[in-house]
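S.K.: Once you've had a glance at the structure underneath, I'll fire off some questions.
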Amino acid sequence: MKINCIHFYFNTSIQRHKDHNGRWNHQIYTLMSFVKSVFLFFVFFLSMISLQAQNNQNTYEIGGINIKGAESRDRNAIKSIAGIREGDKIQVPGPILQKGIKSLLKLSLFDDVQVFQDSIVGNVIFLSLQLVEKPILSRYSYKGISKAKQEDLNDILKDLLKKGGIVTDDQKALAQRKIKEYYAEKGRLDAKVAVKEFPDEQRPGSVRLEFDINPKAKVKIADIVFEGNTQVKSRKLRKKMENTKRRWTLFKKSKYIRKEYKEDLKKIIAYYNKEGFKNASVVQDTVMRKGKNLLIHIKVEEGNKFYFRNIIWKGNSLYTSEYLSAILGISKGDIYNPEFLQNRLKFSLDGRDISSLYLDDGYLGFEVNPTEVAIENDSVDLEMRIFEGPQFTVQNVVIRGNDRTNEHIVRREIRTRPGKKFSRSDIIRSQREIINLGYFNPEALGINTPVNQNRGTVDIEYTLEEKPSDQLELSAGYGGFSGLIGTLGVVFNNFSVRNVKDRATWSPLPQGDGQKLSLRVQSNSRFFRTYNFSFTEPWLGGKKPQSFTIGAVRTAFDYSLNGQGTFSITRGFIGLGSQLKWPDDFFSTNTTLNLERINLDNFSGLNFGVNTGVFNNFSIRQSFTRSSVSDPLFPRRGSKISLNIQATLPYSLFRGVEKTTTISPEELTNLVSNLREERGPGNPPTENDINIAKDNLIQSKRFKWLEYHKWRFNAEFYYNLFDKLVVASSVKLGFLGQYNNEIGLSPFERFEIGGDGITNQAAGLQGKEILALRGYKVPEITGNGANAAPIFNKYTVELRYPLSLNPNSTIYITGFVQGGNAYQSFKDYNPFDLKRSAGMGARVFLPMFGLLGFDYGFGFDKNLPAGSKFTDYGTFNIILGFEPE
């Protein structure tokens, strides 16, 4: 067929030549005839060779296959893959053997595969397969690096180098490269890695790899030089490079990581764009060695600075252009800042952006695209092209992952309801309320919004992950003279009274309804006992967020053995709280009725100013709070502001002052009689004894019914600076007032500032409030032996950074500056007369044990004697159970 085709081609070519010239060309015809003859002879020669080769190929039956090498491999599997078995008929040489060799090599298990003829008996052939197996990895190890670094590298190489797998040169080269990349990310650009291969004597056919690593010294950046920046100083541009820093930069490591360096170049351009240089670019950057360090040279082209001019709205029907421009907050002549423009269109943290207007009104498909329509000199005109789309309605609200908490507890907190219009603000607020329950891991909270375009509906799916929320406090110790001190306390934050009869919900007590049950017992067998109980139902009746709290406390101090008398407090309280809708629904109110009885019997342990008597403290406490804080364990943003007013009735208005400040003759007679009885016969009371007893009696009569009004103001603010670094600031003020000057200030309910968390834990049981001031002890603020003060103020600024936000162990470190003081009267009050301190600390929240922490504060304003050591200005504080005020 090929010959006829060529013959036709030749004849056609000659014919065309003839037609073109009108005559035969004898020379061309002779040449073509010769070529045709040679080609026919060549085809004949090849045909004869092929026929001879076919005559030389013999067909044999395979009598046996002897496989040499690859002792650990299955022999039958090798034969199947090669496609040859005993009894098969093959041609030798032939394509079947060649195909079998290729199939075995494709497995990448063998370095070499060869087939040999052992013998031929008649038409039966016996073959040998010689296999050279690639080495198998038994293990790998490292040399020259620490154990911690070895664990890091194991994580990197675990998917590449597997025990029992084949070892290839490509794998070794790739492992070597990954190790170098690991050290390059640590700034060790000169790291050396040698891969050594050794036979494993314990496992024939296996090898072990050893990575001999020399990390070398870190390569630092000697300098970062900018060229072409005439409008922005180089210092400012270097500051924008967050990950690539020069040597000697404070609080930052100097290292070169290519990926982070490229990101920093983008940040430089982003900064230029924010400043109005919309055409700024990095035209060239060079990284070169300078001795042991690097020199980075960056050439920028700034371009012109641009400004906003005209902004036109297109496609808006719901809101007027004037209203949208007012919300946008950009005026003609403002610097052209694309980042600020996007924030005002879609991503404003305060929720006052254009998208929020639509997304909070159901327009889930809303889009706004700013388009530059004109650029003239240094001015840019924008056209805001809006697609409003249809309104979407919430169809289903799905809650998943609440394994222990009943669904209605979560559902009553969320703001998204079936049938309501879709609202982004409602979703954000629901997320906050779920986190504030304290039952779920905030890092794992997921929200999905699948849309049904045809029906105009959207489902909202909340995916939750339960975390431990109950707390256990169990401690014991021996204090020598104080005897055994023991504490047992439990707090069940997700308790359920309704499920008491349902044993399936007990873990260890019934749970799932969001109620809080707290029980605590603490005793020092000789001197101190306290019992504490409280129960809170956050949704009384189950329909509205109205909380109900009831509790009781009994505390007794007995220091009669060392001559300091006895002291006891018995208190019961009941409270009602509710969430308000005005001024907004971040506000809440709480009203608590306190019934308290204080009994002192010659007690001088806590410096009340009175030491004997029975005192009744019946008060109502009203609090108003606005809280936008989410995640109470580690708040990152929001604020909490509260005003608390606690007051008793003005009893002196009804009882009269005279009865409370004078002693009747009958009372004096009884007083003297009691003194004589106490002292016994032959030891009559002295006049001084009688005067002291008279003063104690007058004090006990004056304050039998405590009367006061007490004011507390707290403000806390949280702001996420960047990443997870949070600045927390607070202001706390307190004032205790009196109704009647002749009665005077109550000796109880005062403020004591200073001390640590352990002291604060018992503060509410001692008839006063103790507010921690880190760096100071209580006597360093109020003086030794002084009574607590009626006025205080305290200011704090902290920087907090979390080491772990795992719900099983939330850990963060803090650095703080603080100032505060206590004052005995308004004449002494000076808001700038502060006891200042600074220091650092840490907090660890464990669900079963609550808050643990420590602070070391350095007090700058201590009144220490001359010759005091520097360490005398520092104070170490321990926090147990809760964060002190």
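The values are calculated or read from the model by the stated rules, or taken from the named source; none is laboratory data. Bear in mind the structure is a predicted one, so any value in this text is a computation, not a measurement. So basically every Cβ, Gly included, is an ideal-geometry build from the backbone, and we count neighbours across all protein chains shown. Ligands, DNA and RNA are stripped out before the accessible areas are found, and what is left, the full protein with its side chains, is counted by its heavy atoms. Shrake-Rupley method; radii C 1.70, N 1.55, O 1.52, S 1.80 Å.
S.K.: Please report the spacing between the Cα centers of segment 412-462 and segment 177-236 in Å, no decimals.
M.R.: Centre-to-centre (Cα) distance: 46 Å.
S.K.: I've got another one for you. What full-extension length gain, to one decimal in nm, is calculated for Asn688 and Asn720 as 0.36 nm per residue of separation minus the Cα-Cα distance?
M.R.: Extending this stretch completely gives an extra 5.2 nm.
S.K.: Let me ask something else about it. Could you tell me the accessible area of Asp689 in Å² (1.4 Å probe, neighbours in place), rounded to the nearest ten?
M.R.: Number for this one is 40 Å².
S.K.: Hey, another quick one. Determine the dipole magnitude for the chain: charges of +1 sit on the beta-carbon of Lys and Arg, -1 on that of Asp and Glu, nothing else is charged, the reference point is the Cα centre, and the result goes in debye to the nearest 20.
M.R.: 2600 debye
S.K.: So for the chain, taking the charge dipole from beta-carbon charges (+1 Lys/Arg, -1 Asp/Glu), which of Asn499, Leu773, Phe557 sits furthest toward the positive end?
M.R.: Leu773
S.K.: Using only Cα atoms and rounding to the nearest 10 degrees, what angle (0 to 90) does helix 169-185 make with the longest principal axis of the chain?
M.R.: Taking the Cα atoms of the chain, the angle to 169-185 is about 30 degrees.
S.K.: Now, a different point. Calculate the FRET efficiency for Asp502 and Arg85 from the Cβ-Cβ distance with a Förster distance of 60 Å, rounded to the nearest 0.05.
M.R.: 0.30
S.K.: If you don't mind, there's one more thing I want to ask. Relative contact order for segment 281-345: what is it in percent, counting Cα pairs under 8 Å that are at least 6 residues apart?
M.R.: In percent, rounded to a whole number, it is 27.
S.K.: Now for a separate question. Give me the distance in nm between label points sitting 7 Å out from Cα along the Cα-to-Cβ direction at Ser331 and Asn243, one decimal.
M.R.: 4.0 nm
S.K.: Consider the candidate values (i) 29.9; (ii) 37.4; (iii) 29.0; state which one is Kirkwood radius over Cα pairs in Å computed from the structure displayed.
M.R.: Of the listed options (i) 29.9; (ii) 37.4; (iii) 29.0, (ii) comes from this structure.
S.K.: For a Förster distance of 56 Å, can you work out the FRET efficiency between the beta-carbons of Ala148 and Asn58, rounded to the nearest 0.05?
M.R.: Efficiency for this residue pair is about 0.25.
S.K.: I'm a student and want to see the number: the projected area of the Cα convex hull of segment 304-407, averaged over all directions, in nm².
M.R.: So the mean shadow area of the Cα hull is 9.0 nm².
S.K.: Contact order normalised by length for segment 578-633, with contacts defined as Cα pairs under 8 Å and 6 or more residues apart; what percent is it? Intermediate values should be presented prior to the final figure.
M.R.: Numbers: 78 pairs, mean separation 21.6, N = 56.
Answer for segment 578-633 is 39 percent.
S.K.: Take every Cα pair under 8 Å in the chain that's 6+ residues apart, average their separations, divide by the length, and report that relative contact order as a whole percent.
M.R.: Worked out over the chain, it gives 5 percent.
S.K.: In a Debye calculation with equal point scatterers on the alpha-carbon sites of segment 223-264 and no solvent, what is log10 I(q)/I(0) at q = 0.24, 0.34 Å⁻¹?
M.R.: Debye output, listed in q order: -0.86, -1.27.
S.K.: With angles folded into 0 to 90 degrees, how steeply does helix 2-21 sit against the dominant principal axis of the chain? Use alpha carbons for both and round to 10.
M.R.: Result, in degrees: 70.
S.K.: What residue among Leu324, Gln342, Asn304 has its Cα farthest toward the positive end of the dipole of segment 304-357, where the charges are +1 on Lys, Arg and -1 on Asp, Glu, each on the Cβ?
M.R.: Working it through, the farthest residue towards the positive pole turns out to be Asn304.
S.K.: Leaving ligands, DNA and RNA out of it, report the carbon-plus-sulfur percent of the accessible area of the chain at a 1.4 Å probe.
M.R.: After summing per-atom areas, the C and S share lands at 54 percent.
S.K.: Within segment 190-217, name every residue whose backbone N is under 18 Å away from a label modeled 7 Å from Cα of Lys163 along the Cβ vector.
M.R.: It comes to 198-211, nothing else.
S.K.: In addition: Taking the solvent-accessible surface of protein heavy atoms with a 1.4 Å probe, what is the per residue accessible area of segment 366-471 in Å²?
M.R.: On a per-residue basis, 47 Å².
S.K.: Beyond 23 Å, how much of the Cα-Cα pair distribution for segment 774-875 remains, as a whole percent?
M.R.: Working: 2097 of 5151 pairs.
Of all Cα-Cα pairs in segment 774-875, 41 percent lie more than 23 Å apart.
S.K.: Using only Cα atoms, locate the centre of segment 818-885 and the centre of segment 284-331, then give the distance between them in Å, rounded to an integer.
M.R.: 46 Å
S.K.: Now, a different point. Looking at segment 499-594, which trypsin sites (Lys or Arg not before Pro) are in a loop (DSSP not H, G, I, E or B) and have at most 12 other Cβ atoms within 10 Å?
M.R.: Here the sparse-neighbourhood loop sites are Lys501, Lys543, Lys581.
S.K.: Hey, what number do you get for the chain at 222 nm if only DSSP H runs of n ≥ 4 count, each worth -39500 (n - 2.57), divided across all residues, to the nearest 500? Could you put the intermediate results ahead of the total?
M.R.: Working: 19 runs with 210 residues, N = 885.
Using -39500 (n - 2.57) per qualifying helix, the result is -7000 deg cm²/dmol.
S.K.: In cubic angstrom, how much convex hull volume per residue do the alpha carbon atoms of segment 564-698 span?
M.R.: Residue-normalised Cα hull volume stands at 170 Å³.
S.K.: Using all C-alpha to C-alpha distances in segment 375-478, build P(r) with 5 Å bins and read off the rounded percent in each one.
M.R.: Histogramming segment 375-478 at 5 Å steps yields 2, 10, 18, 16, 11, 9, 7, 6, 6, 5, 3, 2, 1, 1, 1, 0, 0 percent.
S.K.: So if each residue of separation counts as 0.36 nm, and I subtract the Cα-Cα distance between Leu295 and Asn343, what length gain in nm does that give?
M.R.: Between Leu295 and Asn343, full extension yields 13.6 nm more.
S.K.: Please report Rg (one decimal) and Dmax (integer) in Å for the Cα set of segment 283-338.
M.R.: According to the Cα coordinates of segment 283-338, Rg and Dmax are 21.6, 65 Å.
S.K.: If you wrap a convex hull around the C-alpha atoms of segment 678-744 and split its volume per residue, what is the figure in Å³?
M.R.: In segment 678-744, the Cα hull volume divided by residue count equals 176 Å³.
S.K.: Between helix 95-106 and the chain, what is the angle of the helix's C-alpha long axis to the longest principal axis, kept within 0 to 90° and rounded to the nearest 10?
M.R.: Rounded to the nearest ten degrees, it is 20.
S.K.: Let me ask something else. With a Förster radius of 41 Å, plug the Cβ-Cβ distance of Arg554 and Asp861 into 1/(1 + (r/R0)^6) and report the FRET value to the nearest 0.05.
M.R.: E between Arg554 and Asp861, to the nearest 0.05, is 0.60.
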